[in-house]
Amino acid sequence: MVTRTPEFDVNERDNWYALLEYEEAMCPQCNQLRSVCEDPNQEWSPQLHECRASAVMMAANRRWSRMHEKAKPDLYDRLATDGTRVWVAPADAAPDETDFLGLADVEVTEPSVDLP
């Protein structure tokens, strides 16, 4: 007879079940508790959050897509953008790589946004 030690003990298993229960109680759209976001009596106020990293990443992805919008698939039906994703980091992770977005000579200015 072979005896194995279980991969998770009772406490770990209970923690996994608690996490699953917590995640199921959350709304997948707004990350609020479903009991809160589904309440018809709950008042909501729109909030604005600006993530500079996401803004730069989204702009870079749009530029990357525009650069290749007229590209033709290769012999294996792949496009230059297939399997690619532009991501951002606080510092240049690969300073020796080519300027793949062609931004070396582009002057970046802050957008002006007037909010009421």
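If I take the Cα coordinates of the range 13-68 and project them onto the principal axes, what are the three extents in Å, biggest first?
Ordered largest first, the range 13-68 gives principal extents of 48, 36, 18 Å.
Per residue, how much accessible area does the chain have with a 1.4 Å probe, in Å²? Please list the in-between numbers first.
Details: 11300 Å² over 116 residues.
For the chain, the solvent-accessible area averages 97 Å² per residue.
Please give the calculated 222 nm ellipticity per residue for the chain, where each DSSP H segment of at least 4 residues contributes -39500 (n - 2.57) and the sum is spread over every residue; nearest 500 deg cm²/dmol?
On the way: 3 runs with 35 residues, N = 116.
Only helices count here, giving -9500 deg cm²/dmol.
All other residues with a Cβ under 15 Å from the Cβ of residue 26 taken together, and with Lys, Arg as +1 and Asp, Glu as -1, what is their net charge? Don't jump to the answer; show the numbers that get you there.
Working: positive: 34; negative: 21, 23, 24, 38, 39.
Neighbour charge sum, excluding residue 26 itself: -4.
Averaging over every viewing direction, what projected area does the convex hull of the Cα atoms of the chain cover, in nm²? Walk me through the numbers before you get to the answer.
Numbers: hull surface 70.6 nm².
Average projection, Cα convex hull of the chain: 17.7 nm².
May I ask you to give the average projected area over all directions of the convex hull of the Cα atoms of the range 48-95, in nm² rounded to one decimal?
Details: hull surface 19.0 nm².
For the range 48-95, the mean projected area of the Cα convex hull comes to 4.8 nm².
Starting at the first residue of the range 33-50, write each ³J(HN,Hα) from the Karplus equation 6.51 cos²θ - 1.76 cosθ + 1.60 with θ = phi - 60°, in whole Hz, x for Gly and Pro.
4, 4, 4, 8, 6, 8, 6, x, 8, 6, 8, 10, 10, x, 10, 10, 10, 10
Quick one: Karplus J couplings for the range 10-20, per residue in order, coefficients 6.51, -1.76, 1.60, θ = phi - 60°, nearest Hz, x for Gly and Pro?
Residue by residue, the range 10-20 yields 4, 5, 5, 4, 4, 5, 5, 5, 5, 5, 4 Hz.
So how exposed is residue 35, as accessible area in Å² (1.4 Å probe, rounded to 10)?
Counting only protein heavy atoms, the figure is 90 Å².
Projecting each Cα onto the charge dipole of the range 25-66 (Lys/Arg +1, Asp/Glu -1 at the beta carbon, about the Cα centre), which of 51, 26, 41 comes out farthest on the positive side?
51
Leaving out ligands, DNA and RNA, and with a 1.4 Å probe, what % of the accessible surface on the range 32-81 is carbon or sulfur? Walk me through the intermediate numbers first.
Working: 2430 of 4570 Å².
That fraction is 53 percent.
Give, rounded to the nearest 20 debye, the magnitude of the charge dipole that the chain has about its Cα centre when Lys and Arg contribute +1 at Cβ and Asp and Glu contribute -1 at Cβ.
Working: 11 positive and 23 negative charges, 95 e Å.
Result for the chain is approximately 460 debye, rounded to the nearest 20.
Report, in degrees rounded to the nearest 10, the 0 to 90 angle that the Cα long axis of helix 52-67 makes with the longest principal axis of the chain.
Roughly 50 degrees between the two axes.
As a test of reading the structure, rank 85, 78, 34 by solvent-accessible area (1.4 Å probe, protein chains only), most first.
Details: 85 165, 78 125, 34 90 Å².
Largest accessible area first, the list is 85, 78, 34.
The values are calculated or read from the model by the stated rules, or taken from the named source; none is laboratory data. Only a predicted model underlies this, so the values are computations on that prediction, with no experimental measurement involved. Note: ideal-geometry Cβ built from the backbone for every residue, glycine included; neighbour counts use all protein chains shown. The area values use the complete protein model at the heavy-atom level, side chains included, leaving out ligands, DNA and RNA. Shrake-Rupley method; radii C 1.70, N 1.55, O 1.52, S 1.80 Å.
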